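Remarks on the structure that follows.
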Amino acid sequence: MRERDGKKSDKNKGGSFRHGRDGGRDKPRAPRFGGKPGPRHERRGGPPRSGGGGDGPVILFGWHSVTSALSNPARKVRKLVVTENAARRLEEEGFKLPSAHEIVRPDEIARRLTPDSVHNGLLAEADPLDAPDVEDLDASGVVLVLDQITDPHNVGAILRSAAAFGVKALITTARHSPEATGVLAKSASGALEFVPMVTVQNLARGIAALKERGFLTIGLDSEATEDLNDVPMSAPLALVLGAEGKGLRQLTRETCDHLARLDLPGAIKSLNVSNAAALSLYVATARLKSLSAGR
């Protein structure tokens, strides 16, 4: 059984834990990137959002996040910080270490992250990926639109589901959404390399731009009168999800073509937003597949 760095593998979510320290109190501590707002979101143009880091690198950690970045020819990895065990595993699995890499002990990586961050012996500093504008999106398939969902764990999990269902893009607002770095990238488990993230300054105008390009827009609302299984559906399609608790904002609701709910048979009628996204994508893609087959 191969040894893993960073205490846990990507397969186990488990509880939080603290990484060990080497006792070097006099050493300067590197910036932490596990859960704090990180460098600038992956986008072209526009001002840095609140809490952003200007044009600094995207921080990626964990096996799937880093290896997906290394496999993506569009992603420039500036530097790889890696433990000896993780470097050996990379080479065993056919990855070439970038010229700018540094072999360190696991606690040297842990010092740059929050205590509950599972790094698996890998941390990369990379350039942001170019992202399309709404007007550049192909009018096909499904896109997801997030209305001020701020939890990076949720957005990362949504990205992972989006990659699994072949979503064309994920659209967020320039404010009140997390940076595409750190814990979001880890939660996305490599999906940042497959799903473009599009940032808009005004979500209602962004949805209107999608509608002009022929997208049917459906807002998910647990109190909507229509079931998602019953609303008219066609491609291209945009599914719009709101933050937990607040849900969709009023202007967002008014801009969508339809509001729909997931018809849940149990006592609890709402889901965590990342679970709702996955279930909505399953329903929508199944219906679109059936429609394209003429059933």
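Each value in this text was obtained by applying a stated rule to the coordinates, not by laboratory testing. Model, not experiment: these values are computed from the prediction. With ideal geometry, Cβ positions are generated from the backbone for all residues, glycine too; neighbour counts draw on all protein chains shown.
Considering only Cα-Cα distances, which of the following residue pairs are longer than 31 Å: 211/289; 211/269; 168/246; 79/211; 96/186; 79/246? Cα-Cα > 31 Å for 79/211; 79/246; rest within. A simple count of charges around residue 231, restricted to other residues whose Cβ falls under 11 Å of its Cβ and scoring Lys, Arg +1 and Asp, Glu -1, yields -2. For residue 137, the shell of other residues with beta-carbons less than 9 Å away shows a net charge of -2, using +1 for Lys and Arg and -1 for Asp and Glu.
Counting Lys and Arg as +1 and Asp and Glu as -1 over every other residue whose Cβ lies under 12 Å from the Cβ of residue 194, the net charge comes to +2. In terms of its C-alpha gyration tensor, the range 134-292 comes out rounded, because the ratio a/c of the largest to the smallest axis stays below 1.5.
Loop-resident GluC sites (Glu not before Pro) (DSSP state other than H, G, I, E or B) in the range 187-295 with no more than 15 further Cβ atoms inside 10 Å of their Cβ: 223, 226. Label positions at residue 272 and residue 292, each projected 7 Å from the Cα along the C-beta direction, are separated by 3.0 nm.
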